[in-house]
1. Need the failing condition index for V129 against (1) more than 20 Å from K73 (Cα to Cα); (2) of a type in the set (A, V, I, L, M, F, W, C); (3) surrounded by fewer than 19 Cβ atoms within 10 Å (Cβ to Cβ), just the number.
2. Filtering the range 4-17 down to residues that are open to solvent by 50 Å² or more (accessible area, probe 1.4 Å) and in contact (Cβ under 8 Å) with a residue 40 or more places away in the chain, which residue is farthest from V138 (Cα to Cα)?
3. Please determine, by comparing only the residues of the range 33-47 that are farther than 18 Å from D118 by Cα and not in a helix (DSSP H, G or I), which one is modelled with the lowest pLDDT.
Amino acid sequence: MQCYCHVVVLAELGKEDQDQIVSTLRDEVVNNEKYNLCLTHKDTNQLKGAGVFGFLDDRTTGHLLDNRGIPLKSFTTYLIEASSARARDGTARLSRTTTGRICAEMRKSEVHTRNWFDAQGETPSFQRVAEQLQALIVEMELNTSTKTS
C-alpha cells in the first residue's frame, strides 16, 4: 500500500481525483485477493515494510539516483539492509528466496494495477497514476517481465 500512496501523491491530483483513485485502488487491488501483495509472516512483513519505506523515502528526497540518473542501489538492497539491521538484533532475516518472492509478488500487483489504470482510457488522473506506477516499477527494478496481468 505504501507504493500506491507514494504514486498517488506524485501524480499531483486534485482532491476529487485523488479520492477516486484511492477508492479504485481499494476496490481493485487492496481488497482483491488475486492481486493483493504477498501475505507474509509478521517479521517478514515488517522487514518488507522497512525496505519499501527506505526506498520510497530516498526516492522522494532525491537520494535514490546519482547525478547521472543512475540508481545508487536497488530495491532488493533496501530489503537486504532492513534484514541485516534486524539480524543484528537477533530477529528475523530475509532469505534470497523470500526477497525474490516479495519482488515477484510486488511486480505482479503493480503491473496489474498499472495495466488496469492504462485500460481505463483517456482519464487524465488514471493516466498519471499509470505513468507514476510504471516509473516506480522501473526504478524498483520490478520490470523483469513485459506487461502482463
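The values are calculated or read from the model by the stated rules, or taken from the named source; none is laboratory data. Please read these numbers as outputs of a predicted model, since none were measured by experiment. Here the Cβ positions follow ideal geometry from the backbone for every residue, glycine too, while neighbour counts run over all protein chains shown. The accessibility values were calculated without ligands, DNA or RNA, using every heavy atom of the protein model including side chains. Shrake-Rupley method; radii C 1.70, N 1.55, O 1.52, S 1.80 Å.
1. Condition (3) is where V129 drops out.
2. To start, the set of residues in the range 4-17 that are open to solvent by 50 Å² or more (accessible area, probe 1.4 Å) comprises 5, 9-10, 12, 15-17.
Add one more test, that the residue is in contact (Cβ under 8 Å) with a residue 40 or more places away in the chain, and what stays is 10, 12, 17.
Working: L10: 15, E12: 20, D17: 25 Å.
Residue satisfying both the conditions and the ranking: D17.
3. Looking only at the range 33-47, we keep the residues that are farther than 18 Å from D118 by Cα, and these are 33-34, 36-47.
Okay, now just the ones that are also not in a helix (DSSP H, G or I), so 33-34, 36-41.
Details: E33: 61, K34: 64, N36: 57, L37: 52, C38: 57, L39: 60, T40: 65, H41: 73.
Checking each candidate, the answer is L37.
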